[in-house]
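The values are calculated or read from the model by the stated rules, or taken from the named source; none is laboratory data. Since the structure is predicted, the reported quantities are computational estimates derived from the model, not experimental observations. Glycine gets a Cβ as well: all are built from the backbone with ideal geometry, and neighbour counts include every protein chain shown.
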Amino acid sequence: MIRRIQKRLIEFIKTDAFFISLLSLIFLVYSFSFLSQFLKDSELLSVGGWDGANHFAIAKVYAEEMFPRLFGWTFSWNAGMVFPLGYPPASYFFLGFLAWLLPFKFVFIFKFLVIFSIIFLVITAYFLPKKFGLNKLESFFSALIFLFFLLSPFSFSTGGLSFLASFRSGLYSQLFAGPLLVLWLFSFVDAFKSKKNFFWSVILLFLILITNIHIGEAALIIWLAFLIGDYFLFKKYNVIKIYFWHFLLSFLLLSVWSLPLLINLDYFLNFTFQPSHFLSFFRFPVFIFLSFALLGWVFSILNKKRIYFNLGFSGLLLMLTAFLPVNLVFKSLPLQPQRLLPIIIIVLAPLAVFGLKFFHTYLNKYVKIQILL
């Protein structure tokens, strides 16, 4: 009986379910006290400060006054305005559907989706490195790195996706779009290999863009990095057409919402944020993390590892966009460079583990040679 239990336990430890459960347990243990109070408190003010109350209010008005219509008129803002021209609306549509489907108060549906999005983001962050060729333990370590930054109190955590940004600043639409970005990467990296991957990469990019503009900006930067890397370094000249159609079809789907927005753009006020402060990001843990990511990028070049090179190039372009004064060039766009910082962690975490893996391999080889000498 004991041997049978031990055998099943050993088998379970080797499964994806074990590593996912362990990641979820770490997150829940760390945040249990806060999350229990977050779910218990039904007051509007408990949904989070800054953007949080706005996201909650917009979703609630849509669910109670307009669902299932995709467009409508609301008197809840200004002297009345067309909904949903002011902000990417996919999360409001989904919350409206859940409110119609489930027999719970809207505030609890909203909070449940927030917590589910964080856990789902961590789970997808585990499976993404497996897609890139890492084993279960290496993928777990990659997801653990991301979870560390997700829960960290560093100032760059206010850029979105993190625990701090989600619950203190209320950047919920970015949190809802985070798992979509990871799922998009699953299909996008091999979009030219099958029609299925191409189809889902188009759909998921559209869903990202219609959920959160900042995650959409990051996805477009990653799209550009893969395009440049595949064309110039890996000589995949045939992918230009595929990348072009991927971009075009996603934006054609988005035009259902974006064209009315562009037509009425004079009624909206956009402003850009200053670039992120360089030193606010490069704390010691980030320096160690980026060192291994850089090492992984070097190994990817030497060994012609296409996906890892493109991930590193994506991270580089994201950092340049976050720290250079792009706000002086694109003054009319609602750019917020600090929102890109957590995406850098998502993109580079598998690369950092890849670098650590090769560093360990080469170190063992070098040490063995020294011993033989």
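Filtered by the rule that a residue be aromatic (Phe, Trp, Tyr) and at pLDDT 90 or above, the stretch 113-165 gives PHE116, PHE120, TYR126, PHE127, PHE132, PHE140, PHE141, PHE146.
If you go through the stretch 229-269 and keep only what is of a type in the set (Ser, Thr, Tyr) and either farther than 12 Å from LEU209 by Cα or in contact with a helix residue (DSSP H, G or I) (Cβ under 8 Å, 6 or more places away or on another chain) (or both), you end up with TYR231, TYR237, TYR243, SER250, SER258, TYR267.
If the condition is being surrounded by 18 or more Cβ atoms within 10 Å (Cβ to Cβ) and either polar (S, T, N, Q) or in contact (Cβ under 8 Å) with a residue 40 or more places away in the chain (or both), then the stretch 52-86 contributes GLY52, HIS55, PHE56, ALA59, LYS60, ALA63, PRO84, LEU85. Only one of the numbered conditions (1) touching a residue at least 12 places away in the same chain (Cβ under 8 Å); (2) of a type outside the set (Lys, Arg); (3) out of contact with any strand residue (DSSP E or B) (no Cβ under 8 Å at 6 or more places or on another chain) is not met by PHE244, and that is (1). The helices (runs of 4 or more DSSP H) found wholly in the stretch 218-309 and carrying at least 3 residues that are modelled with pLDDT of 90 or more and either under 25 Å from ALA352 (Cα atoms) or not polar (S, T, N, Q) (or both) occupy 239-263, 284-302.
Within the group SER187, SER201, which residue is among the polar types (S, T, N, Q) and farther than 16 Å from PHE251 by Cβ? Selected residue: SER187, the only one of SER187, SER201 that is among the polar types (S, T, N, Q) and farther than 16 Å from PHE251 by Cβ. Scanning the stretch 58-92 for residues that are modelled with pLDDT of 85 or more and of a type in the set (A, V, I, L, M) returns ILE58, ALA59, VAL61, ALA63, MET66, LEU70, ALA90. Checked against (1) closer than 17 Å to ILE344 by Cβ; (2) not in a helix (DSSP H, G or I), ALA191 meets all criteria but (1).
For the stretch 230-263, residues that are more than 21 Å from the chain's Cα centre (by Cα) and either hydroxyl-bearing (Ser, Thr, Tyr) or under 22 Å from LYS305 (Cβ atoms) (or both) total 14. Screening the stretch 319-367 for residues that are modelled with pLDDT under 85 and β-branched (Val, Ile, Thr) and picking the one that is nearest to ILE123 (Cα to Cα) gives THR361.
Yes or no, residue by residue, for (1) without any contact (Cβ under 8 Å) to a residue 12 or more places away in the chain; (2) under 29 Å from PHE359 (Cβ atoms); (3) part of a helix (DSSP H, G or I):
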{"residue": "LEU113", "(1), (2), (3)": "no, no, yes"}
{"residue": "PHE116", "(1), (2), (3)": "yes, no, yes"}
{"residue": "PHE127", "(1), (2), (3)": "no, yes, yes"}
{"residue": "LEU134", "(1), (2), (3)": "no, yes, no"}
{"residue": "PHE146", "(1), (2), (3)": "no, yes, yes"}
{"residue": "PHE167", "(1), (2), (3)": "no, no, yes"}
{"residue": "GLN174", "(1), (2), (3)": "no, no, yes"}
{"residue": "LEU181", "(1), (2), (3)": "no, yes, yes"}
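Among the residues of the stretch 148-160, is there at least one that is touching a Leu at 6+ places or on another chain (Cβ under 6 Å), on the phi > 0 side of the Ramachandran plot and buried (at least 20 other Cβ atoms within 10 Å of the Cβ)? Yes, some residue in the stretch 148-160 is touching a Leu at 6+ places or on another chain (Cβ under 6 Å), on the phi > 0 side of the Ramachandran plot and buried (at least 20 other Cβ atoms within 10 Å of the Cβ).
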